[in-house]
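Contents: one structure, followed by commentary.
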Amino acid sequence: MENTPSPSSSATSSPSDTSASSTPSPTLTTPAASKRFAKKRDIYQAFADLLDSPDEKRRRMENKRADRAKEAARKLGVPISKPKEESKRPKRNSMDPLTHFNYVMKSIVDWTRPGKVLSLEQKQFYQKNGYVLVRKCIGREELNKYEERFNAICERKVKPPASIDAITKLQDFCDEPVLFSYCEHPRVTDVVRDLIGSSPESRIQAMHTMLINKPPDTGKLTSRHPMHQDLIYFPWRPEDLTICAWTAMEKINKKNGCLQVVPGTQTQPLKEHEYPDWEGGVNKAYYGIKDYDLSLPREYVEMDAGDTVFFHPNLFHGSGANRSDGFRKAISCHFANYDHTKYIDVKGTIQEETGKQIVEIIKKHPQRYCVKPGQEVTFELSWRLRSRPVHHDGKENL
């Protein structure tokens, strides 16, 4: 009871208290405040109307689509061209990611019919798995010719072109007529046109040539090649219109380091690559897929002399160490569809660093690659200097 407030203390207040509590807030009653409030209300309403407008909704949708395309482009290694300032909605060039996806999907290859030399089953096997093995593609006579030429070059009995400077691997033999005859062999080019051409007359370009003389391993496993995608080295698109022909020059199996492939991975985007952390280091631009998943199931492509495997540049592949006592030889060429393939700018993509590494190699050996005095060396130029038309005289595209 003694703590209960008296009626007078709880029900009454001083005049000063009454006047203070009854005075309205000036922020709500002054003319200036009312005007500011009305202005803010109008702004909020206008902003809400803008967000609900068809134009704004379309703009937000386009921004989301562009963001998704940029992310996909980064993974694929496809550059994004800068919009033209004078145009509100500039036309996208053929290598912009949004156009690029449609460009690739509109395949020029008819996968519902057999090719000139490949059966429908072989073509569809390639489409599904990213590779196809053609037995006895090249005859023993031609293989002997390539091997004899290789030995003559190694022994300096034949003066090699300036671009050739290796023993365990001859790269870029487009100017060596005997070896380049492999790239022109009809048993090879007919299959290539079946898989990346629209007809048996499709024009193709030899982009990258190699004769690999894999040495016996010294025990440090340096003769192996990490799983990688060839597309990391290639600044052109679409990738579906590039293919490698890889021919065994002798019996190749697990013991001497046959090719290993992961079927179906050609449908995956280009992955980030890095130098493998191997004892003794590796050569410049010798890459493997970053954080590669070793649990992926792989196929071992064992081959007899003359067998040829044709595979997609995005296919995960590599090779094991050569644990035999002899060298293991194979000859190969990457082909591109001349009429439907274009160079791209890899700046800002996961291929940018690879491009810099390749350019450094070319700059160190300008005479070997026929770089003209004062000529600017670019990633694109490095490939233009090394490629060569097959059965045609086109010079502008690739």
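The values are calculated or read from the model by the stated rules, or taken from the named source; none is laboratory data. Values in this document were obtained by computation on a predicted structure and should not be read as measured data. Ideal geometry is used to build each Cβ from the backbone, glycine not excepted, and the neighbour counts take in all protein chains shown. Surface accessibility is based on the protein's heavy atoms, side chains included, excluding ligands, DNA and RNA. Shrake-Rupley method; radii C 1.70, N 1.55, O 1.52, S 1.80 Å.
Observations, loosely collected:
Results for (1) more than 30 Å from the chain's Cα centre (by Cα); (2) β-branched (Val, Ile, Thr); (3) modelled with pLDDT of 95 or more, shown as yes or no for each residue.
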| site | (1), (2), (3) |
| --- | --- |
| Lys106 | no, no, no |
| Pro114 | no, no, yes |
| Val117 | no, yes, yes |
| Gly130 | no, no, yes |
| Cys137 | no, no, yes |
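- For the residues Phe310, Phe335, Phe316, the requirement of being hydrophobic (A, V, I, L, M, F, W, C) and over 16 Å from the mean Cα position of the chain (by Cα) singles out Phe310.
- Failed criterion for Ser223 (all others in (1) within 26 Å of Gln122 (Cβ to Cβ); (2) in contact with an Asp or Glu (Cβ under 8 Å, 6 or more places away or on another chain) hold): (1)
- Test: residue in region 359-371 that is more than 19 Å from Gln171 (Cα to Cα) and either modelled with pLDDT of 90 or more or of a type in the set (A, V, I, L, M, F, W, C) (or both): no
- Residues being outside any strand (DSSP E or B), β-branched (Val, Ile, Thr) and touching a Phe, Trp or Tyr at 6+ places or on another chain (Cβ under 8 Å) are represented in region 213-234 by at least one member.
- Residues located in region 182-193, provided they are touching a residue at least 24 places away in the same chain (Cβ under 8 Å) and open to solvent by 10 Å² or more (accessible area, probe 1.4 Å): Glu184, His185, Arg187, Asp190, Arg193
- For Gln351, the conditions (1) among the polar types (S, T, N, Q); (2) touching a helix residue (DSSP H, G or I) at 6+ places or on another chain (Cβ under 7 Å); (3) open to solvent by 10 Å² or more (accessible area, probe 1.4 Å) are fulfilled apart from (3).
- Candidate set from region 130-141 (those that are surrounded by 20 or more Cβ atoms within 10 Å (Cβ to Cβ) and of a type outside the set (A, V, I, L, M, F, W, C)); member that is nearest to Val117 (Cα to Cα): Tyr131
Residue by residue, here is whether (1) open to solvent by 10 Å² or more (accessible area, probe 1.4 Å); (2) touching a strand residue (DSSP E or B) at 6+ places or on another chain (Cβ under 6 Å); (3) not hydrophobic (A, V, I, L, M, F, W, C) holds:
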site	(1), (2), (3)
Lys290	yes, yes, yes
Pro297	yes, no, yes
Ile331	no, yes, no
Phe335	no, yes, no
Tyr338	yes, yes, yes
Ile361	yes, no, no
His365	yes, no, yes
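- Among the residues of region 344-391, the ones that are within 22 Å of Thr242 (Cα to Cα) and in a loop (DSSP other than H, G, I, E, B) come to 12 in all.
- If the condition is being over 23 Å from Ile108 (Cα atoms), of a type outside the set (D, E, K, R) and open to solvent by 20 Å² or more (accessible area, probe 1.4 Å), then region 201-219 contributes Met210, Ile212, Pro215, Pro216, Thr218, Gly219.
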